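Here's the structure, in C-alpha cells; my notes come after.
Readers should treat all values here as calculations from the given coordinates under stated rules, not as data from a laboratory. Please read all numbers here as calculations on a predicted model, not as lab measurements. Every residue, glycine among them, receives a Cβ derived from its backbone with ideal geometry; neighbour counts consider all protein chains shown.
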Amino acid sequence: MQKTDLTEKDALKVTWLGLLANLLLALAKGFIGFIANSSALIADAGHSVSDLLSDGITLWAVRMSGIPKDKNHPYGHGKFETVGTFIVALLLLFTGIGVAWHVFNKMDSPEVPGTIALWMAGIAIAVKEVLYHATRMVARRTGSRILLANAWHHRSDAISSVAALVGIGGAQWGLPLMDPIAGVLVAGLIIKTGINIGYESIRELTDEAVEEEVISDLGQILSGIEGVDHYHEMRARRMGPHLLVDLHIQVDSMMSISAGHQVAERVRLGILEKLPAVNEVLVHVDAEDDFFEVEGTEDPQKIVLMRPQSEIENDVKKALSVIPEIEGITHIYCHYLNKELTVQVNILLDVEMRIRDAQKIASAARMKIEQIIDIDAADLHLELDDAF
C-alpha cells in the first residue's frame with residue numbers, strides 16, 4: 001500500500017507540474033501569437049489548452065484509479081484511467097478541428113508574424129520536452145498508461161511548436177503562407193494524436209488482448225515453476241495501469257488437490273513478483289488438457305462430463321458389500337482422465353489373512369468394480385489399519 005501511495009503521489013506531482021506549465025504556455029502563446037500576427041502560434045496555443053485539459057483529466061483519472069477495490073468495483077477502479085484517456089482523445093480531436101478552422105479562416109490574408117513569436121515557439125519547445133521526459137519517466141515507473149499518453153501529448157506539443165517555429169521563420173523570410181500551412185500541420189498532428197490515443201483506450205475498454213510480449217513473459221515465468229507440466233488458455237487484459245491474468249495449468253494427473261493448489265499458488269505469486277504491472281492472477285488447475293479440437297472446426301469443445309464421485313462411491317460400496325472378507329472401505333478416489341474413469345479403492349481386510357488370499361479378494365473386488373457402468377479400471381489398495 002505504501003508503494004502504491006508513493007507512485008500515485010509521483011503521478012499527481014508531475015501532472016500538477018505539467019498543468020501549471022501548460023497554463024502559462026497557453027496564455028503566453030495565445031497573447032504573443034495575437035500581437036505578433038502568428039496563426040501558427042495561436043494554433044499552438046490551442047494545443048497547449050488541450051494539454052491543460054488533458055492534465056486536469058489525468059489528475060481526476062489518477063485519483064480515481066487509485067481508489068481501493070470495493071463492493072461495487074471488485075476488480076478495482078483502474079478503468080477510470082482508461083475512460084480518462086478516451087476523454088483526452090476526444091478533446092484532442094475537437095481541439096485539432098478548431099485549430100484547423102481558425103487557420104483556414106486566416107488563409108486568405110496571411111500576415112507576417114513578429115520576431116517575438118519566434119522566441120516564444122523556441123521557449124515552448126524546450127519546456128514541453130522537459131515535461132515529456134519527466135512525465136514519461138514517472139509513467140514507466142508507475143505503469144500508468146494515461147501518464148504515458150499525457151507524456152506523448154507533451155511531446156506532440158513540442159513537435160507542434162517546431163512546426164510553428166518553421167512557419168514563423170518562413171513568414172519572416174518572405175514566405176507568409178508557410179505560417180498558416182504550419183498551422184494546418186499542427187492541427188493535423190493534434191487530430192492524429194487524438195485518434196491514436198482514442199484507439200488505444202477503446203482497445204482497453206473492450207478488453208482487447210494485451211501485447212504478445214506480455215504473454216511471452218508469462219510463459220517464461222511458468223516454464224521455471226516446478227509442478228507445471230503444461231499451460232493453456234492464458235489470457236490477460238488491462239485494467240488501467242494494471243494487468244489481470246487468468247490461465248489454466250496442467251499438473252500431474254495423480255497429484256492431490258492440495259498439492260495442485262500449492263503449484264497454483266507458486267504460479268500466482270511468481271507472476272505477481274516478476275511482473276509488477278499484474279495485480280491479480282486467477283489460476284485454474286487441470287489434471288489434463290481439458291480442451292480438445294473437434295475435427296473440421298476451429299472451436300475447442302469441453303470434454304464430456306461424467307457421473308459425479310458421490311454416485312460412483314455409492315455404486316462401489318454396494319458392489320463390494322457382497323464380499324464378506326472386506327471389513328471396510330477407507331478411501332475411494334475417482335480419476336477422470338482421457339475421457340475414462342479409473343477408481344482407486346482402499347480396503348480393510350483381516351490382518352491375519354495371508355497375502356495370497358488377500359490378492360484373490362482384491363482381484364474379485366476389482367472385477368466387481370469394473371462391472372459398474374462408466375468405470376473403466378479399478379485399482380485396489382490394502383490398508384494395514386483403519387487409522388485413516
Self-check item: For Leu341, distant residues with modelled amide H under 5 Å away
Solution: Asp376, Ala377
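Quick check: residue separation of His133 and Glu265 times 0.36 nm, minus the Cα distance between them. What number comes out in nm? Numbers along the way, then the final one.
Working: separation 132, 0.36 × 132 = 47.52 nm, distance 3.85 nm.
Stretched out fully, the His133 to Glu265 stretch lengthens by 43.7 nm.
Taking square-rooted eigenvalues a ≥ b ≥ c of the alpha carbon gyration tensor, is the range 227-295 rounded, prolate or oblate, where a/c under 1.5 means rounded and, failing that, a/b exceeding b/c means prolate? Could the numbers behind the result be given before it?
Numbers: a/c = 3.15, a/b = 1.40, b/c = 2.24.
Judged from the Cα gyration tensor, the range 227-295 comes out oblate (a/c at least 1.5, b/c at or above a/b).
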Quiz prompt | Difference of contour (0.36 nm per residue) and Cα-Cα distance, Asp379 to Glu325 | solution = 17.7 nm
Quiz item: Contour minus end-to-end for Arg307 and Leu348, with contour as 0.36 nm per residue of separation and end-to-end as the Cα-Cα distance?
Solution: 12.2 nm
Exercise. Using the number of other C-beta atoms within 10 angstrom as an exposure proxy, rank Leu380, Leu177 with the fewest first.
Key: Leu177, Leu380
Practice problem: Would you grab the residues whose amide H sits under 5 Å from the one on Val278? Only those 5+ places off in sequence or on another chain, please, with H modelled 1.01 Å from N. | Solution: Leu243
Quiz item: If packing is taken as the mean number of other Cβ atoms within 10 Å per residue, what is the order of 135-143, 217-225, highest first?
Solution: 135-143, 217-225
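Just to verify a number: FRET efficiency for Glu208 and Ser253, C-beta to C-beta distance, R0 = 25 Å, to 0.05?
Once rounded, the FRET efficiency stands at 0.10.
Quick check: from the Cα gyration tensor, does the range 173-281 come out rounded (a/c under 1.5), prolate or oblate?
Values: a/c = 4.68, a/b = 4.07, b/c = 1.15.
Here the range 173-281 falls in the prolate category.
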Quiz item: Under a point spin-label approximation (7 Å from Cα along Cα-to-Cβ), what is the Glu340-Lys9 distance to one decimal in nm?
Solution: 6.3
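Set the Förster radius R0 to 25 Å, insert the Cβ-Cβ distance between Leu272 and His73 as r into 1/(1 + (r/R0)^6), and round the FRET efficiency to 0.05.
Numbers: r = 20 Å, r/R0 = 0.80.
E(calc), rounded to 0.05, equals 0.80.
Would you list Thr206, Thr15 from fewest to most Cβ contacts within 10 Å? The partial results should precede the final answer.
Details: Thr206 8, Thr15 26.
By the 10 Å Cβ count, ascending, the order reads Thr206, Thr15.
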Self-check item: Local electrostatic count at Ile225 - Lys and Arg +1, Asp and Glu -1, tallied over other residues with Cβ under 13 Å
Solution: -1
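I'd like the FRET efficiency for Ile116 and Phe94, computed as 1/(1 + (r/R0)^6) with the beta carbon distance as r and R0 of 41 Å, rounded to 0.05.
Efficiency for this residue pair is about 0.90.
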